[in-house]
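Undergrad: One structure coming up, written as structure tokens, with questions to follow.
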Amino acid sequence: MTFPRLADGTRAYSVVERGDGVRYRVYAGTATSRLPHDLGHLIVERETGDHGGFWGAVAAGVVFSSMEHLDGRRPPHARERSEAAMRERSDGLRRAELMVWLTERVARDGVTAPQQARAMAAEALSSFPEAQVDAEQVLAAARALRATAERWAELSPGEELVVEWPDGRSPRAAPRSRRPEPRRRAVGGRR
């Protein structure tokens with residue numbers, strides 16, 4: 001996924017290339033120096049091993065209304081498969097939103113104690129009483145979120161972060177040296 005740092009006030013987007021070679025632009029509100037919400041999702045979902053959230057759904061073929069097809073051949077019956085996958089993933093998508101909110105809160109408040117992270121998780125995920133949350137994963141995701149937010153804040157318009165989703169394997173099994181590096185490249189160029 002490529003997250004270009006655009007001029008403040010412009011329409012923000014990212015570009016995702018799925019494992020099947022299809023590329024989409026994902027629109028996401030207004031560009032600012034703050035970490036984009038979808039990039040926060042990517043970091044949290046990857047660090048917690050959550051394939052049921054937004055980016056796991058995209059990797060599985062879901063096409064949200066915020067997505068614009070750029071290139072690559074879409075598989076047969078892509079629309080029907082996307083709609084079915086979205087229905088199947090509705091609880092996972094809601095839970096992922098809450099996990100991102102929780103992790104942002106843990107990061108913002110500087111929480112380092114697992115027991116405090118567990119208490120915050122119980123509150124944040126109260127609509128999912130059966131949900132199991134690994135406090136250490138939440139704390140690791142919060143550290144990764146803070147580090148990525150710092151990297152994002154250092155970018156100038158025209159630079160971008162490229163972040164990999166570990167397609168086809170558990171995010172936790174992916175190499176740990178995944179610090180997103182900024183690229184100095186004109187926004188709008190092909191990957």
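The values are calculated or read from the model by the stated rules, or taken from the named source; none is laboratory data. The structure presented is a predicted model; accordingly, all values stated were derived computationally and were not measured. Note: ideal-geometry Cβ built from the backbone for every residue, glycine included; neighbour counts use all protein chains shown. To get the accessible areas, we keep the full protein, side chains included, count just its heavy atoms, and leave off ligands, DNA and RNA. Shrake-Rupley method; radii C 1.70, N 1.55, O 1.52, S 1.80 Å.
Undergrad: Being surrounded by fewer than 17 Cβ atoms within 10 Å (Cβ to Cβ) and in a helix (DSSP H, G or I), is that true of even one residue in the stretch 61-78?
TA: yes
Undergrad: Something else: Any idea which of (1) touching a residue at least 60 places away in the same chain (Cβ under 8 Å); (2) open to solvent by less than 50 Å² (accessible area, probe 1.4 Å); (3) among the charged types (D, E, K, R) is the one Asp38 doesn't satisfy?
TA: Only one criterion in (1) touching a residue at least 60 places away in the same chain (Cβ under 8 Å); (2) open to solvent by less than 50 Å² (accessible area, probe 1.4 Å); (3) among the charged types (D, E, K, R) is unmet by Asp38, namely (1).
Undergrad: Here's another thing I want to ask about it. From the list Glu181, Glu150, which residue is acidic (Asp, Glu), modelled with pLDDT under 50 and open to solvent by 90 Å² or more (accessible area, probe 1.4 Å)?
TA: Numbers: Glu150 fails: modelled with pLDDT under 50.
Just a single option satisfies the conditions, and that option is Glu181.
Undergrad: Right, Arg172: at pLDDT below 90, open to solvent by 80 Å² or more (accessible area, probe 1.4 Å) and of a type outside the set (Gly, Ala, Ser) or not? Even if it seems obvious, please write down each step before you answer.
TA: Values: at pLDDT below 90: yes; open to solvent by 80 Å² or more (accessible area, probe 1.4 Å): yes; of a type outside the set (Gly, Ala, Ser): yes.
Against the criterion (at pLDDT below 90, open to solvent by 80 Å² or more (accessible area, probe 1.4 Å) and of a type outside the set (Gly, Ala, Ser)), Arg172 qualifies.
Undergrad: I've got another one for you. Being under 19 Å from Tyr13 (Cβ atoms), touching a residue at least 24 places away in the same chain (Cβ under 8 Å) and among the charged types (D, E, K, R) narrows it down to one residue among Asp50, Asp71; which is it?
TA: Asp71 is the lone residue from the list that is under 19 Å from Tyr13 (Cβ atoms), touching a residue at least 24 places away in the same chain (Cβ under 8 Å) and among the charged types (D, E, K, R).
Undergrad: Mind listing whichever residues of the stretch 106-124 are open to solvent by less than 50 Å² (accessible area, probe 1.4 Å) and part of a helix (DSSP H, G or I)?
TA: Quick first cut of the stretch 106-124, residues open to solvent by less than 50 Å² (accessible area, probe 1.4 Å) only: 106-107, 110-111, 113-114, 117, 120-121, 124.
Those that are open to solvent by less than 50 Å² (accessible area, probe 1.4 Å) and part of a helix (DSSP H, G or I): Val106, Ala107, Pro114, Ala117, Met120, Ala121, Ala124.
Undergrad: Within the stretch 45-56, is there a residue that is in a helix (DSSP H, G or I), farther than 25 Å from Ala107 by Cα and open to solvent by less than 30 Å² (accessible area, probe 1.4 Å)?
TA: Just the residues of the stretch 45-56 that are in a helix (DSSP H, G or I), to begin with: 45-48, 54-56.
This time we only want the ones that are farther than 25 Å from Ala107 by Cα, so: none.
No - not one qualifying residue is present in the stretch 45-56.
Undergrad: Okay, moving on. Determine the pairs where a residue that is modelled with pLDDT under 95, located within the stretch 103-129, has a partner that is open to solvent by 10 Å² or more (accessible area, probe 1.4 Å) and of a type in the set (Gly, Ala, Ser) with Cβ atoms under 6 Å apart, the partner being 6 or more residues away or on another chain.
TA: Going by the 6 Å Cβ cut-off, the qualifying pairs are Leu125/Ala131.
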